Amino acid sequence: MQDLQGALSQRGLTVTNLPDKGRCLFSTRDFSPGEVILNEEPFVSVPNRASVDARCDWCFLTTNLKRCSACQVVWYCGSTCQKSDWKLHRLECGVLSKVDKDRLKSLTPSIRLMVKLYLRRKLQNEKIIPTTATDNYNLVEALVSHISEVDEKQLVLFAQMANLVKLILQLPGIDIKEIAESFSKLACNAHTICDSELRPLGTGLYPVISIINHSCLPNSVLVFEGRVAVVRSVQHIPKGTEVSISYIETAGSTMTRQKALKEQYFFSCTCPRCVKLGQCDDIQESAILEGYRCKDDGCGGFLIRDPGDKGFICQHCGLVRDKEEITKIASETKLLSEKASRLASSGHNTEACATYKMIEELQLKLCHSFSIALMQTRETLLKILMELQDWKEALAYCRSTIPVYQRVYPGFHPLLGLQYYTCGKIEWLLGDTDNSIKSLSKAIDILQITHGMNTPFMKELSIKLEEAHAEASYKLSSKNLSIDD
Ligand SMILES: [Zn+2]
Ligand SMILES: [Zn+2]
Ligand SMILES: [Zn+2]
Ligand SMILES: [Zn+2]
């Protein structure tokens, strides 16, 4: 702990124990928006079980992969990654090679992550892999497991998984109970590793970053540069402030967010958004994000359930929508949603697109225009239309999500930045250079804070914007030329 405090103090950080919250990370100096607060290599990491392509076990790339010939389980994109992983994989390879073919099928990423966790601990104990103040098993030991709060069904599952890990590891002195508790630890501490566009690549354990607590209105954001986790401030953080990131999707009512946090992380959030639970503006926000719209097309009011249970009353104009009508549209939507996702997952994009449009129509009748369900339908339509290369319609859907994104992802939020980026790319494809410049500039304004400027992803974005500027000035000069003629 002393070592960790020393390492953190050089970065302007300190760990404090608060009675109601446990460990918290505080700033000991000011941080400006976009500044890197922490970066950390994973203690252990593992790629997702790939649906189509395998991934490099070290960097998660999917190109030029070669399978480890000894264990036939792990893939690498080249000798650099293989070498970086060798000390750990040498041991892992040995145990994996002994696992019989049938059992290999049950080798999920969680099982592999656990095997790697204990093997890495062994290698650090034997000083084959060096330890540092921010890279040692004590930090993993200090993580909360919430094992006493885990329900019976989950405990049985953890025990079964632990049994398998013990069989694979064949290490003396580790019992099933200890491994099961470690699974509980991973469930509430491991992070999903994503690419720059927030698509999931794998899972990793980052014990120092795990000290950072959650807020539904966080002052920092966690992104990944390859396997390295990077926490950046998204606002001015004065000295003596608790650093916070978000553990969950923050677009949602307070009830929805609290439920998600309780279920996975076992705590009741007391962030500035959550303390408003039940207050007037929180009720209004929940009704807008997850409730119904007014019967009157011209009224933007939000609806609250009538205490007499007749239906839902518009808080702006007083009109009542009866329960039966709402239930009918909601169940139609549900049926169509099942059909649409079946169509989409079986690759019938044109049919899926038509079905999602029917869902959108129903949701327009049912939900408030800032509804999250409607926003999600439009996100899906955007994705499908891009696959169908129908850029014009895709652009219309992309633009329609922006006002909702601005509301649910305020400030410097990567998702808003990425949505502007998508908009700008489609506008560019459609030859709308002026709007493309506007959208790409907005994307850069946000993403330079959340992602920094040094990643290949951000370099690509900057080049796109430069190209758009060049195109615009070329168009302008050729227009001027023709006027001069
Ligand atoms: Zn690699
Ligand atoms: Zn191997
Ligand atoms: Zn909260
Ligand atoms: Zn109304």
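Throughout, read-outs are computed from the coordinates displayed, never taken from laboratory work. Since the model is a prediction, treat every value here as computed from it, not as a measurement. With ideal geometry, Cβ positions are generated from the backbone for all residues, glycine too; neighbour counts draw on all protein chains shown.
Which of the peptides 152-159, 68-75 is most tightly packed, and how do the rest follow, going by the mean number of other Cβ atoms within 10 Å of each residue?
Numbers: 152-159: 13.2, 68-75: 16.1.
Highest-to-lowest ranking by the protection proxy: 68-75, 152-159.
What share of all Cα pairs of segment 17-62, in percent, falls into each consecutive 5 Å distance bin?
5, 13, 15, 11, 13, 14, 13, 10, 6, 1
Send over the per residue convex hull volume for segment 343-401, Cα only, as a whole number of Å³. Could the numbers behind the result be given before it?
Numbers: hull volume 4.0 nm³, N = 59.
Once divided by residue count, the hull of segment 343-401 is 68 Å³.
At a Förster distance of 22 Å, what's the computed FRET efficiency of Val228 paired with Thr28, Cβ-Cβ distance as r, to 0.05? Walk me through the numbers on the way to the answer.
On the way: r = 23 Å, r/R0 = 1.05.
Efficiency computed from Cβ-Cβ geometry: 0.45.
Sorted from largest to smallest, which semi-axis lengths in Å does the alpha carbon gyration tensor of the chain give for its equivalent ellipsoid, taking the root of 5 times each eigenvalue?
Values: eigenvalues 331, 182, 131 Å².
Taking √(5λ) for each Cα gyration eigenvalue gives 41, 30, 26 Å.
About the Cα centre, and with charges only on the beta carbon of Lys, Arg (+1) and Asp, Glu (-1), how big is the dipole of segment 43-192? Nearest 20 debye, please. Show your work: numbers first, answer last.
Working: 21 positive and 15 negative charges, 130 e Å.
Here segment 43-192 has a charge dipole of around 620 debye.
With each run of n ≥ 4 DSSP H residues scored as -39500 (n - 2.57), what mean residue ellipticity at 222 nm is computed for the chain after dividing by its residue count and rounding to the nearest 500 deg cm²/dmol? Walk me through the intermediate numbers first.
Details: 16 runs with 246 residues, N = 485.
The helix contribution divided over the chain gives -16500 deg cm²/dmol.
Reported to two decimal places, what Rg/Rh ratio describes segment 185-300 when computed on Cα atoms with Rh from the Kirkwood expression? Show your work: numbers first, answer last.
Details: Rg = 16.7 Å, Rh = 16.1 Å.
When Rh is taken as the Kirkwood radius, the ratio is 1.04.
So how many Å³ per residue does the convex hull of the Cα atoms of segment 43-192 work out to?
125 Å³
Return the Cα extents of segment 279-404 along principal axes one, two and three, sorted largest first, each rounded to a whole Å.
Principal-axis extents of segment 279-404 (Cα, largest first): 47, 28, 25 Å.
What does the net charge come to around Ile179 if you take all other residues with beta carbon closer than 15 Å to its beta carbon, with K and R at +1 and D and E at -1?
Working: positive: Arg112, Lys116, Arg120, Arg121, Lys122, Lys166, Lys177, Lys185; negative: Glu141, Asp175, Glu178, Glu181.
Net local charge, Ile179 excluded: +4.
Taking the Cα centroid of segment 1-64 and of segment 392-414, what is the distance between the two, rounded to the nearest whole Å?
Measuring centre to centre over Cα atoms gives 29 Å.
Nearest 10 degrees, 0 to 90: what angle lies between the long axis of helix 109-125 and the longest principal axis of the chain (Cα atoms)?
Tilt of helix 109-125: around 40 degrees.
Give me, ordered by chain and number, the residues 5 or more places off Gly202 or on other chains with an amide H under 5 Å from its own placed amide H.
Asn48, Ile193
Taking every Cα atom in segment 409-485, find the radius of gyration and the maximum pairwise distance Dmax, and write them in Å.
So, for segment 409-485, Rg and Dmax equal 14.3, 50 Å respectively.
Once you have the alpha carbon radius of gyration of segment 364-447, what is it after dividing by 2.2 N^0.38 Å, with N set to its residue count? Kindly include the intermediate steps, with their values, before the conclusion.
Values: Rg = 12.6 Å, N = 84, 2.2 N^0.38 = 11.8 Å.
Dividing the Cα Rg of segment 364-447 by 2.2 N^0.38 Å gives 1.06.
Skipping prolines and chain starts, which residues have an amide H placed within reach, meaning under 5 Å, of the one on Glu225, given they are 5 or more residues away or on another chain?
Val230
To the nearest 10 degrees, how steeply does helix 349-366 sit against the main Cα axis of the chain, on a 0 to 90 scale?
Between the helix axis and the principal axis of the chain, the angle is about 60 degrees.
As I understand it, the dipole of the chain uses +1 on the Cβ of Lys and Arg and -1 on the Cβ of Asp and Glu, about the Cα centre. Which of Ser369, Cys194, Ile446 lies farthest toward its positive end?
The one lying farthest along the dipole's positive direction is Cys194.
Which is farthest toward the positive dipole end of the chain among Leu336, Gly301, Gln170, measuring Cα position about the Cα centre, with Cβ charges +1 (Lys, Arg) and -1 (Asp, Glu)?
Gln170
In degrees, nearest 10, range 0 to 90: what is the angle between the Cα axis of helix 323-345 and the longest Cα principal axis of the chain?
The answer is roughly 60 degrees.
By what distance, in whole Å, do the Cα atoms of segment 119-255 stretch along each of the three principal axes, largest value first?
Extents along the principal axes: 50, 39, 31 Å.
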